[in-house]
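Each remark here refers to the structure printed beneath this line.
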Amino acid sequence: MPFLSDEIKALWFQNATDVHGYQCDFYPGVKSDKVWSEEEYLPLCHVPYMPKGWADEGGMAVGSFGGLLGDGVLDCSETYATSYGAVHPASCAFFGIMYVIYFSLLFQWFRASRGRRKTKNAPHPPYSVTEKFYVGALVVCIAGILSAIDIGAAAGRLPNWLYSAILGVQGSGVNVILVLMVTNWIAIMTARGRDTSMLPWVQRTYNLGIGGSIVDFLCTSIEEFTAPEIDGAYNGTVNGIKHAFLGLLEGYFCVIGLVYALKMKSQMSSGQQVNEKQKEQVRKIVGYAYVVGGAGSVGVLFRFSRTLLRLGVVVYPAPSCSVVGFIMGALVELVVLLVVTCVVVAQRPSKQKKVKPHGETMMTTAVSNETSTE
(Lines give C-alpha, C1' and ligand atoms only; values in the text may rest on other atoms or scores of the structure.)
Protein backbone atom coordinates (compact mmCIF):
# COMPACT_ATOMS: atom_id res chain seq x y z
CA MET A 1 0.00 0.00 0.00
CA PRO A 2 1.29 3.50 -0.80
CA PHE A 3 2.65 4.79 2.50
CA LEU A 4 6.02 6.31 3.26
CA SER A 5 8.55 3.70 4.39
CA ASP A 6 9.94 3.79 7.93
CA GLU A 7 13.40 4.48 6.48
CA ILE A 8 12.21 7.62 4.69
CA LYS A 9 10.30 8.77 7.76
CA ALA A 10 13.44 8.44 9.89
CA LEU A 11 15.42 10.41 7.30
CA TRP A 12 12.89 13.18 6.69
CA PHE A 13 11.20 13.73 10.05
CA GLN A 14 13.22 14.76 13.08
CA ASN A 15 10.56 16.78 14.90
CA ALA A 16 6.98 18.06 14.75
CA THR A 17 7.96 20.94 12.47
CA ASP A 18 9.17 18.50 9.82
CA VAL A 19 5.94 16.48 9.97
CA HIS A 20 3.75 19.60 9.95
CA GLY A 21 5.72 21.08 7.07
CA TYR A 22 5.46 17.92 4.99
CA GLN A 23 1.73 17.66 5.62
CA CYS A 24 0.67 21.30 5.42
CA ASP A 25 3.19 23.20 3.31
CA PHE A 26 3.84 20.56 0.70
CA TYR A 27 3.34 22.90 -2.23
CA PRO A 28 5.51 24.20 -3.88
CA GLY A 29 7.64 21.53 -2.23
CA VAL A 30 10.11 23.31 0.04
CA LYS A 31 10.02 21.95 3.60
CA SER A 32 12.45 23.24 6.22
CA ASP A 33 15.82 22.30 4.74
CA LYS A 34 14.34 19.56 2.53
CA VAL A 35 12.91 19.70 -0.99
CA TRP A 36 10.26 17.22 -2.14
CA SER A 37 8.42 16.83 -5.41
CA GLU A 38 4.68 16.30 -5.67
CA GLU A 39 5.26 12.70 -6.73
CA GLU A 40 6.96 11.95 -3.41
CA TYR A 41 3.91 12.74 -1.28
CA LEU A 42 2.35 9.70 0.38
CA PRO A 43 0.16 9.48 3.49
CA LEU A 44 1.92 9.12 6.81
CA CYS A 45 -0.76 7.01 8.53
CA HIS A 46 -4.00 5.21 7.77
CA VAL A 47 -7.03 7.49 7.47
CA PRO A 48 -8.14 9.25 9.65
CA TYR A 49 -5.01 9.14 11.80
CA MET A 50 -1.91 11.32 12.03
CA PRO A 51 1.27 11.19 14.16
CA LYS A 52 0.48 12.18 17.72
CA GLY A 53 1.26 15.87 18.29
CA TRP A 54 1.79 16.54 14.57
CA ALA A 55 -0.13 19.84 14.65
CA ASP A 56 2.35 21.37 17.11
CA GLU A 57 4.73 23.48 15.01
CA GLY A 58 7.00 24.22 17.96
CA GLY A 59 9.87 22.29 16.46
CA MET A 60 10.20 20.03 19.49
CA ALA A 61 13.28 17.84 19.77
CA VAL A 62 13.02 14.22 18.67
CA GLY A 63 12.98 12.95 22.23
CA SER A 64 9.95 15.05 23.21
CA PHE A 65 7.95 14.60 20.00
CA GLY A 66 5.29 12.11 21.01
CA GLY A 67 4.51 11.09 17.45
CA LEU A 68 8.04 9.92 16.62
CA LEU A 69 8.80 6.73 18.52
CA GLY A 70 12.22 6.18 17.02
CA ASP A 71 13.66 4.69 13.83
CA GLY A 72 10.99 6.50 11.84
CA VAL A 73 8.08 4.61 13.42
CA LEU A 74 5.30 7.14 13.97
CA ASP A 75 2.70 6.91 16.72
CA CYS A 76 -0.38 7.18 14.49
CA SER A 77 -2.89 7.48 17.31
CA GLU A 78 -4.32 10.98 16.79
CA THR A 79 -7.41 11.37 14.61
CA TYR A 80 -7.99 14.35 12.36
CA ALA A 81 -10.89 15.32 14.65
CA THR A 82 -8.59 15.42 17.68
CA SER A 83 -6.44 17.99 15.88
CA TYR A 84 -9.49 20.20 15.32
CA GLY A 85 -10.44 20.24 19.01
CA ALA A 86 -14.02 21.07 20.00
CA VAL A 87 -14.89 22.46 16.55
CA HIS A 88 -15.50 19.01 15.05
CA PRO A 89 -18.04 17.68 17.60
CA ALA A 90 -19.74 21.09 17.73
CA SER A 91 -20.11 21.10 13.93
CA CYS A 92 -21.49 17.56 13.93
CA ALA A 93 -24.04 18.49 16.60
CA PHE A 94 -25.12 21.69 14.81
CA PHE A 95 -25.65 20.09 11.40
CA GLY A 96 -27.29 17.00 12.90
CA ILE A 97 -29.82 19.03 14.90
CA MET A 98 -30.66 21.31 11.95
CA TYR A 99 -31.19 18.41 9.56
CA VAL A 100 -33.40 16.54 12.05
CA ILE A 101 -35.57 19.66 12.50
CA TYR A 102 -35.84 20.25 8.74
CA PHE A 103 -36.58 16.58 8.05
CA SER A 104 -39.41 16.61 10.60
CA LEU A 105 -41.00 19.72 9.07
CA LEU A 106 -40.65 18.59 5.47
CA PHE A 107 -41.94 15.09 6.15
CA GLN A 108 -44.97 16.51 7.98
CA TRP A 109 -45.74 18.87 5.09
CA PHE A 110 -45.20 16.13 2.52
CA ARG A 111 -47.63 13.76 4.23
CA ALA A 112 -50.22 16.53 4.61
CA SER A 113 -49.94 17.44 0.93
CA ARG A 114 -50.31 13.82 -0.20
CA GLY A 115 -53.30 13.36 2.10
CA ARG A 116 -55.09 16.42 0.70
CA ARG A 117 -54.63 15.32 -2.89
CA LYS A 118 -55.83 11.72 -2.49
CA THR A 119 -59.29 10.87 -3.82
CA LYS A 120 -61.26 7.66 -4.29
CA ASN A 121 -60.47 7.74 -8.00
CA ALA A 122 -56.82 8.71 -7.50
CA PRO A 123 -55.49 7.17 -4.25
CA HIS A 124 -51.91 7.65 -5.45
CA PRO A 125 -51.83 10.85 -7.54
CA PRO A 126 -48.60 11.85 -9.35
CA TYR A 127 -46.27 14.00 -7.31
CA SER A 128 -46.88 17.72 -7.62
CA VAL A 129 -44.05 20.22 -8.06
CA THR A 130 -44.11 21.06 -4.36
CA GLU A 131 -44.05 17.38 -3.38
CA LYS A 132 -41.02 16.84 -5.60
CA PHE A 133 -39.29 19.67 -3.77
CA TYR A 134 -40.16 17.95 -0.51
CA VAL A 135 -38.80 14.60 -1.67
CA GLY A 136 -35.55 16.13 -2.93
CA ALA A 137 -35.03 18.04 0.30
CA LEU A 138 -35.93 14.99 2.43
CA VAL A 139 -33.28 12.90 0.67
CA VAL A 140 -30.71 15.65 1.28
CA CYS A 141 -31.77 15.81 4.95
CA ILE A 142 -31.33 12.06 5.42
CA ALA A 143 -27.86 12.26 3.87
CA GLY A 144 -27.12 15.31 6.03
CA ILE A 145 -28.09 13.48 9.22
CA LEU A 146 -25.77 10.62 8.27
CA SER A 147 -22.89 12.95 7.38
CA ALA A 148 -23.29 14.74 10.73
CA ILE A 149 -22.29 11.51 12.47
CA ASP A 150 -18.71 12.30 11.47
CA ILE A 151 -18.15 15.35 9.24
CA GLY A 152 -15.20 14.75 6.97
CA ALA A 153 -14.91 11.19 8.35
CA ALA A 154 -12.39 12.89 10.65
CA ALA A 155 -13.05 10.88 13.81
CA GLY A 156 -13.16 7.42 12.29
CA ARG A 157 -16.87 6.94 12.99
CA LEU A 158 -17.64 6.68 9.27
CA PRO A 159 -15.43 5.00 6.66
CA ASN A 160 -14.19 7.46 4.07
CA TRP A 161 -15.88 5.71 1.14
CA LEU A 162 -19.26 5.91 2.91
CA TYR A 163 -18.84 9.59 3.75
CA SER A 164 -17.94 10.30 0.11
CA ALA A 165 -21.05 8.43 -1.05
CA ILE A 166 -23.17 10.49 1.36
CA LEU A 167 -21.69 13.70 -0.07
CA GLY A 168 -22.53 12.40 -3.54
CA VAL A 169 -26.16 11.92 -2.51
CA GLN A 170 -26.24 15.44 -1.05
CA GLY A 171 -24.74 16.92 -4.22
CA SER A 172 -27.20 15.07 -6.45
CA GLY A 173 -30.11 16.13 -4.25
CA VAL A 174 -29.13 19.79 -4.35
CA ASN A 175 -28.85 19.68 -8.14
CA VAL A 176 -32.28 18.04 -8.40
CA ILE A 177 -33.72 20.92 -6.35
CA LEU A 178 -32.00 23.41 -8.68
CA VAL A 179 -33.45 21.68 -11.75
CA LEU A 180 -36.97 21.61 -10.27
CA MET A 181 -36.76 25.27 -9.35
CA VAL A 182 -35.53 26.50 -12.73
CA THR A 183 -37.76 24.33 -14.95
CA ASN A 184 -40.76 25.41 -12.88
CA TRP A 185 -39.95 29.07 -13.54
CA ILE A 186 -39.62 28.35 -17.26
CA ALA A 187 -42.93 26.44 -17.29
CA ILE A 188 -44.65 29.43 -15.70
CA MET A 189 -43.18 31.80 -18.28
CA THR A 190 -44.03 29.57 -21.25
CA ALA A 191 -47.54 28.62 -20.07
CA ARG A 192 -50.24 28.72 -22.76
CA GLY A 193 -53.30 30.06 -21.00
CA ARG A 194 -54.48 27.51 -18.43
CA ASP A 195 -52.24 24.82 -19.92
CA THR A 196 -49.20 24.86 -17.64
CA SER A 197 -47.63 21.60 -18.81
CA MET A 198 -44.02 21.80 -19.93
CA LEU A 199 -43.17 22.50 -23.54
CA PRO A 200 -41.17 19.68 -25.20
CA TRP A 201 -37.84 21.53 -24.94
CA VAL A 202 -38.49 22.36 -21.28
CA GLN A 203 -39.31 18.71 -20.61
CA ARG A 204 -36.06 17.66 -22.30
CA THR A 205 -34.17 20.22 -20.20
CA TYR A 206 -35.85 18.83 -17.10
CA ASN A 207 -34.94 15.24 -18.01
CA LEU A 208 -31.35 16.24 -18.78
CA GLY A 209 -31.03 18.03 -15.45
CA ILE A 210 -32.47 15.18 -13.38
CA GLY A 211 -30.34 12.59 -15.18
CA GLY A 212 -27.22 14.73 -14.98
CA SER A 213 -27.71 15.31 -11.27
CA ILE A 214 -27.14 11.63 -10.60
CA VAL A 215 -23.60 11.97 -12.00
CA ASP A 216 -22.42 13.45 -8.70
CA PHE A 217 -23.29 10.31 -6.77
CA LEU A 218 -22.14 7.86 -9.46
CA CYS A 219 -18.76 9.50 -10.08
CA THR A 220 -18.10 9.99 -6.37
CA SER A 221 -18.42 6.22 -5.96
CA ILE A 222 -16.39 5.41 -9.08
CA GLU A 223 -13.50 7.72 -8.18
CA GLU A 224 -13.16 5.99 -4.80
CA PHE A 225 -13.04 2.47 -6.22
CA THR A 226 -10.65 3.27 -9.10
CA ALA A 227 -7.98 4.79 -6.82
CA PRO A 228 -5.11 2.92 -5.12
CA GLU A 229 -6.05 0.61 -2.27
CA ILE A 230 -5.92 3.19 0.49
CA ASP A 231 -8.94 4.49 2.34
CA GLY A 232 -9.74 8.06 1.36
CA ALA A 233 -7.72 8.21 -1.87
CA TYR A 234 -9.60 8.88 -5.11
CA ASN A 235 -9.02 9.02 -8.84
CA GLY A 236 -8.35 12.66 -9.70
CA THR A 237 -9.17 12.20 -13.39
CA VAL A 238 -12.65 10.84 -12.68
CA ASN A 239 -13.11 13.57 -10.09
CA GLY A 240 -12.00 16.25 -12.56
CA ILE A 241 -14.34 15.00 -15.29
CA LYS A 242 -17.21 14.94 -12.77
CA HIS A 243 -16.55 18.53 -11.73
CA ALA A 244 -16.29 19.68 -15.36
CA PHE A 245 -19.63 18.09 -16.31
CA LEU A 246 -21.43 19.33 -13.20
CA GLY A 247 -19.90 22.79 -13.63
CA LEU A 248 -21.40 23.01 -17.12
CA LEU A 249 -24.75 21.60 -15.96
CA GLU A 250 -25.06 23.89 -12.95
CA GLY A 251 -23.86 26.90 -14.93
CA TYR A 252 -26.48 26.25 -17.62
CA PHE A 253 -29.35 26.00 -15.14
CA CYS A 254 -28.19 29.03 -13.17
CA VAL A 255 -28.07 31.14 -16.34
CA ILE A 256 -31.45 30.11 -17.76
CA GLY A 257 -33.00 30.37 -14.29
CA LEU A 258 -31.79 33.94 -13.92
CA VAL A 259 -32.83 34.84 -17.48
CA TYR A 260 -36.40 33.55 -17.09
CA ALA A 261 -36.81 35.02 -13.61
CA LEU A 262 -35.84 38.44 -15.00
CA LYS A 263 -38.24 37.90 -17.93
CA MET A 264 -40.96 37.16 -15.40
CA LYS A 265 -40.12 40.38 -13.56
CA SER A 266 -40.21 42.34 -16.82
CA GLN A 267 -43.57 40.80 -17.69
CA MET A 268 -45.01 41.86 -14.35
CA SER A 269 -43.82 45.46 -14.81
CA SER A 270 -45.02 45.77 -18.41
CA GLY A 271 -48.55 46.72 -17.45
CA GLN A 272 -50.12 43.26 -17.34
CA GLN A 273 -53.14 42.86 -15.06
CA VAL A 274 -51.70 41.23 -11.95
CA ASN A 275 -52.52 41.65 -8.29
CA GLU A 276 -50.18 42.59 -5.48
CA LYS A 277 -49.85 39.00 -4.29
CA GLN A 278 -48.63 37.88 -7.71
CA LYS A 279 -46.15 40.76 -7.82
CA GLU A 280 -44.84 39.76 -4.39
CA GLN A 281 -44.43 36.15 -5.56
CA VAL A 282 -42.45 37.32 -8.59
CA ARG A 283 -40.22 39.46 -6.40
CA LYS A 284 -39.50 36.40 -4.26
CA ILE A 285 -38.69 34.29 -7.31
CA VAL A 286 -36.33 36.95 -8.65
CA GLY A 287 -34.69 37.07 -5.23
CA TYR A 288 -34.20 33.30 -5.31
CA ALA A 289 -32.80 33.63 -8.83
CA TYR A 290 -30.19 36.12 -7.66
CA VAL A 291 -29.18 33.77 -4.85
CA VAL A 292 -29.02 30.83 -7.27
CA GLY A 293 -27.01 32.87 -9.77
CA GLY A 294 -24.54 34.15 -7.19
CA ALA A 295 -24.06 30.84 -5.40
CA GLY A 296 -24.02 29.03 -8.73
CA SER A 297 -21.23 31.25 -10.06
CA VAL A 298 -19.08 30.46 -7.04
CA GLY A 299 -19.95 26.78 -7.41
CA VAL A 300 -19.04 26.71 -11.09
CA LEU A 301 -15.68 28.38 -10.39
CA PHE A 302 -15.07 25.80 -7.67
CA ARG A 303 -15.95 22.97 -10.06
CA PHE A 304 -13.59 24.09 -12.81
CA SER A 305 -10.74 24.85 -10.41
CA ARG A 306 -11.01 21.25 -9.20
CA THR A 307 -10.98 20.02 -12.79
CA LEU A 308 -7.70 21.79 -13.57
CA LEU A 309 -6.02 20.65 -10.35
CA ARG A 310 -7.00 17.00 -10.35
CA LEU A 311 -6.82 15.66 -13.89
CA GLY A 312 -4.20 12.94 -14.15
CA VAL A 313 -3.37 12.66 -10.44
CA VAL A 314 -4.27 10.48 -7.48
CA VAL A 315 -5.58 12.55 -4.58
CA TYR A 316 -4.52 11.16 -1.22
CA PRO A 317 -6.36 11.93 2.03
CA ALA A 318 -4.99 14.61 4.31
CA PRO A 319 -6.34 16.53 7.30
CA SER A 320 -6.92 20.26 7.37
CA CYS A 321 -3.92 21.97 8.91
CA SER A 322 -5.89 24.35 11.11
CA VAL A 323 -9.33 24.89 12.57
CA VAL A 324 -9.91 27.51 9.88
CA GLY A 325 -9.01 24.93 7.25
CA PHE A 326 -11.55 22.49 8.69
CA ILE A 327 -14.23 25.18 8.71
CA MET A 328 -13.47 26.04 5.07
CA GLY A 329 -13.75 22.35 4.22
CA ALA A 330 -17.11 22.20 5.97
CA LEU A 331 -18.45 25.02 3.76
CA VAL A 332 -19.80 22.36 1.40
CA GLU A 333 -21.99 21.11 4.24
CA LEU A 334 -23.05 24.68 5.01
CA VAL A 335 -24.03 25.38 1.38
CA VAL A 336 -26.15 22.21 1.32
CA LEU A 337 -27.84 23.23 4.57
CA LEU A 338 -28.58 26.70 3.16
CA VAL A 339 -30.24 25.13 0.10
CA VAL A 340 -32.47 23.01 2.34
CA THR A 341 -33.21 26.11 4.44
CA CYS A 342 -34.39 27.91 1.28
CA VAL A 343 -36.68 24.99 0.45
CA VAL A 344 -38.12 24.96 3.98
CA VAL A 345 -38.78 28.71 3.90
CA ALA A 346 -40.14 28.77 0.35
CA GLN A 347 -42.19 25.58 0.41
CA ARG A 348 -43.91 25.95 3.75
CA PRO A 349 -47.67 25.51 3.29
CA SER A 350 -49.82 28.61 3.15
CA LYS A 351 -51.97 29.16 6.24
CA GLN A 352 -54.32 31.57 4.56
CA LYS A 353 -56.09 29.14 2.32
CA LYS A 354 -56.30 25.55 1.29
CA VAL A 355 -53.33 24.30 -0.70
CA LYS A 356 -53.95 24.05 -4.41
CA PRO A 357 -53.89 20.61 -6.08
CA HIS A 358 -50.30 21.17 -7.16
CA GLY A 359 -49.21 22.83 -3.93
CA GLU A 360 -49.26 26.63 -4.03
CA THR A 361 -46.15 27.96 -2.32
CA MET A 362 -43.81 30.91 -2.58
CA MET A 363 -41.40 29.20 -4.93
CA THR A 364 -43.83 27.35 -7.18
CA THR A 365 -46.55 29.97 -7.70
CA ALA A 366 -46.29 33.33 -9.41
CA VAL A 367 -48.46 34.02 -12.43
CA SER A 368 -49.88 30.51 -12.42
CA ASN A 369 -51.57 28.60 -9.63
CA GLU A 370 -50.42 25.19 -10.81
CA THR A 371 -47.43 23.89 -12.71
CA SER A 372 -47.08 20.30 -13.86
CA THR A 373 -43.77 18.52 -14.36
CA GLU A 374 -45.27 15.21 -15.30
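The values are calculated or read from the model by the stated rules, or taken from the named source; none is laboratory data. Computed from a predicted structure; not experimentally measured. Cβ placement follows ideal geometry from the backbone for every residue including glycine, while neighbour counts extend to all protein chains displayed.
What do you reckon, is Tyr127 in the same structural domain as Leu180 (by TED's automatic domain parsing), under 28 Å from Ile186 (Cβ atoms), of a type in the set (Ser, Thr, Tyr) and assigned to a helix (DSSP H, G or I)? Answer is no for this residue.
Can you tell which of Leu138, Leu146, Leu158 is modelled with pLDDT of 90 or more, aliphatic (A, V, I, L, M) and over 26 Å from Asn235 (Cβ atoms)? Step through it out loud before you land on a result.
Working: Leu146 fails: over 26 Å from Asn235 (Cβ atoms); Leu158 fails: over 26 Å from Asn235 (Cβ atoms).
Just one listed residue meets the conditions, Leu138.
Residue pairs whose Cβ atoms lie under 6 Å apart, sitting 6 or more positions apart in sequence or on different chains, and linking a residue in region 316-327 that is assigned to a helix (DSSP H, G or I) to a partner that is of a type in the set (Ser, Thr, Tyr), are Val323/Tyr84; Phe326/Tyr84; Phe326/Ser320. When the test is whether a residue is buried (at least 18 other Cβ atoms within 10 Å of the Cβ), within 30 Å of Leu44 (Cα to Cα) and in contact with a Phe, Trp or Tyr (Cβ under 7 Å, 6 or more places away or on another chain), Ala227 passes it.
In contact (Cβ under 8 Å) with a residue 24 or more places away in the chain, assigned by TED's automatic domain parsing to the domain that holds Gly232 and more than 14 Å from Arg348 (Cα to Cα) - does that describe any residue in region 110-119?
Taking region 110-119 first, the residues in contact (Cβ under 8 Å) with a residue 24 or more places away in the chain are 110, 112-113, 116-117.
Still in the list and also assigned by TED's automatic domain parsing to the domain that holds Gly232: 110, 112-113, 116-117.
From what is left, the residues that are more than 14 Å from Arg348 (Cα to Cα) are 116-117.
Yes; the residues of region 110-119 include at least one that is in contact (Cβ under 8 Å) with a residue 24 or more places away in the chain, assigned by TED's automatic domain parsing to the domain that holds Gly232 and more than 14 Å from Arg348 (Cα to Cα).
Every condition in (1) at pLDDT below 85; (2) out of contact with any His (no Cβ under 8 Å at 6 or more places or on another chain); (3) closer than 30 Å to Asn184 by Cα is met by Leu42 except one, and the failing one is (3).
Conditions tested, residue by residue: (1) within 21 Å of the chain's Cα centre (by Cα); (2) in a strand (DSSP E or B); (3) among the charged types (D, E, K, R).
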| residue | (1), (2), (3) |
| --- | --- |
| Pro89 | yes, no, no |
| Ile101 | yes, no, no |
| Arg114 | no, no, yes |
| Asn121 | no, no, no |
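Among the residues making up region 119-148, those that are of a type in the set (A, V, I, L, M, F, W, C) and surrounded by 24 or more Cβ atoms within 10 Å (Cβ to Cβ) are Val129, Phe133, Ala137, Val140, Cys141. Of all residues in region 282-313, those that are surrounded by 16 or more Cβ atoms within 10 Å (Cβ to Cβ) and of a type in the set (A, V, I, L, M) total 7.
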